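See below for the structure under consideration.
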Amino acid sequence: MKRQKRFEELEKRPIHLDGFVKEWPDEGFVAMMGPNDPKPSIKIENGVVTELDSKKRDDFDLIDLYIAKYGINLDKAEEVMAMDSTKIANMLVDPNVARKDLIEITTAMTPAKAEEVISKLDFGEMIMATKKMRPRRTPATQCHVTNTLDNPVEIAADAADAALRGFPEQETTTAVARYAPLNAISILVGSQTGRPGVLTQCSVEEAAELSLGMRGFTSYAETVSVYGTDRVFTDGDDTPWSKGFLASCYASRGLKMRFTSGSGSEVLMGYTEGKSMLYLEARCIYITKASGVQGLQNGGVSCIGIPGAVPSGIRSVLGENLLCMMVDLECASGNDQTFSHSDMRRTERMLGQFIAGTDYISSGYSSVPNYDNTFAGSNVDAMDYDDYYVMERDLCINGGIHPAKESDIIKARNKAAKALQAVFDDLGLPKITDEEVEAATYANTHDDMPKRDMVTDMKAAQDILAHDTTAVDIIKALYNHGFKDVAQAILNLQKQKVAGDFLQTSSIFDKDWNIISAINDANDYQGPGTGYRLENDHDEWERIKNLPFAIDPEHMEY
């Protein structure tokens, strides 16, 4: 057939490199309200749930049992289940209905009822509801700090860089698992050099991750995954109870933690039970609530390509973030793994959370170029910084970060690299050369760094574990080499873990170690003129307004 030239040109656009599929409900390829999803229902007899979402108790699976026992406010459940779902959806959008009043309703719904309520909202209405339902008044965001060679000097410099730009939480991982202790130490030292009070994690296998936290190398975790069907859970040798137990292990040792879920994981595993993505994600959210953890990283996350391939999938992803907030959980709202070749579509995917503001707009804004992102790349990365700042400035929105002066970044990167050099020297780890410090100060990616002996580094990382090295050793090393302020910051972080006051919903620290959380910074949005307003946050608005590359009309040279 002779081709029409415009169609030929359109087919060359980046969007055509993305994958799209038609709905296939029986295999879970449907965003929400699939034909096989159960009808909302609940029956309670003598305080025991005997029917949940059209399923009798004798037919409950492990997830049903867990949610029925721990995940629903049974005192109001029958009353709420009798309410019209459209009415509840209207209440979510209505600025005259306070968040605290809605929480009493939304925590008493079943997963199927929650899905039905979410389905009544279009994308714009979800933005309005999210603006009101996020737990913490002040929005923030989280970043990735990685490189594909696990270069510790580069991690430290990049962590300091990201801290100066405003990220209150930073996450690293490994290209090679045995590097974990070095990566955890590097991001800890770098982040506290950039700005005291930044929380850090090292995403690795769960037992190893807990061990790193107990040694004081990390302060939070979020890669503890939960799933919406029994088969996926048990394939990973887990149950809701084992995840709940693991959550208590973190909390009892003063470590903040979130669970992780996201639409599409059950589709990838091939065990959807014919249910829609949003219904299965609702079950994950209720498991999280039932386990008593602070929050959830959700919104497609590493599975975003699956909901992104079906009709209404990106809308459904915002819906799952909203549902997380509706049950009063801290929400790290995805915008994590890259999923599209289209810049326009990447922006579309983030726009709902960006405009509404969430506890963490991205659960993984890549603070390095995606070329160096060991998490398989993020929806936004370091090459998007200036665009992101302009979006904040254009719309008068706090997206969680702000511009930083190049001179300040260079100074922080250099100090972080030198601080890590001192730690390695004091602990007898492989030498960090002055050449590496200089390179990390100015580097963009690992290509700008001298190559390290990775075998020697990995052996040293395992020696750290064998010798029971802890954060106290790092503090002493920094103090002994004159980095007393960084040593004090890491000591303060250990004190906070002993106190445990930051084990609250949506908790972060400011530079003075004040906790900002849903407890003391509760979201009070109830329409225009209320809630968090960037224009009223004078210091942050000044930072965002004053782009380094904006022209000052009073001092123009002709």
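The values are calculated or read from the model by the stated rules, or taken from the named source; none is laboratory data. No experiment lies behind these values; they were computed from the predicted model shown. No Cβ is skipped: glycine too gets one built from the backbone with ideal geometry, and neighbour counts run over all protein chains shown. Surface areas here come from the heavy atoms of the whole protein model, side chains and all, with no ligands, DNA or RNA. Shrake-Rupley method; radii C 1.70, N 1.55, O 1.52, S 1.80 Å.
Annotations
- Restricted to strands (runs of 3 or more DSSP E) entirely inside region 161-227, those with at least 2 residues that are out of contact with any Lys or Arg (no Cβ under 9 Å at 6 or more places or on another chain) and modelled with pLDDT of 95 or more are 169-173, 199-203.
- Counting residues in region 87-109 that are touching a strand residue (DSSP E or B) at 6+ places or on another chain (Cβ under 8 Å) and either under 24 Å from Val226 (Cβ atoms) or of a type in the set (Val, Ile, Thr) (or both) gives zero.
- Selected residue (criterion: most open to solvent (accessible area, probe 1.4 Å)) from residues of region 10-61 that are among the aromatic types (Phe, Trp, Tyr) and within 30 Å of Asp343 (Cα to Cα): Trp24
- Taking the criterion of being open to solvent by 10 Å² or more (accessible area, probe 1.4 Å) and either within 17 Å of the chain's Cα centre (by Cα) or of a type in the set (Val, Ile, Thr) (or both), the only residue of region 141-163 that qualifies is Thr148.
- The set of residues in region 402-423 being hydrophobic (A, V, I, L, M, F, W, C) and either open to solvent by 40 Å² or more (accessible area, probe 1.4 Å) or not in a helix (DSSP H, G or I) (or both) consists of Ala404, Ile410.
- For first residues located in region 227-246 and in contact (Cβ under 8 Å) with a residue 12 or more places away in the chain, partners that are among the charged types (D, E, K, R) and open to solvent by 40 Å² or more (accessible area, probe 1.4 Å) and lie 6+ apart or on another chain with Cβ distances below 6 Å form the pairs Thr229/Glu273.
- Test: residue in region 261-268 that is more than 22 Å from Ser362 (Cα to Cα), touching a residue at least 24 places away in the same chain (Cβ under 8 Å) and open to solvent by 10 Å² or more (accessible area, probe 1.4 Å): yes
- Residue in region 324-331 that is farther than 22 Å from Glu169 by Cβ and either touching a residue at least 40 places away in the same chain (Cβ under 8 Å) or not in a helix (DSSP H, G or I) (or both) present: yes
- Filtered by the rule that a residue be open to solvent by 20 Å² or more (accessible area, probe 1.4 Å) and part of a helix (DSSP H, G or I), region 237-260 gives Trp241, Ser242, Phe245, Leu246, Ser248, Cys249, Ala251, Ser252.
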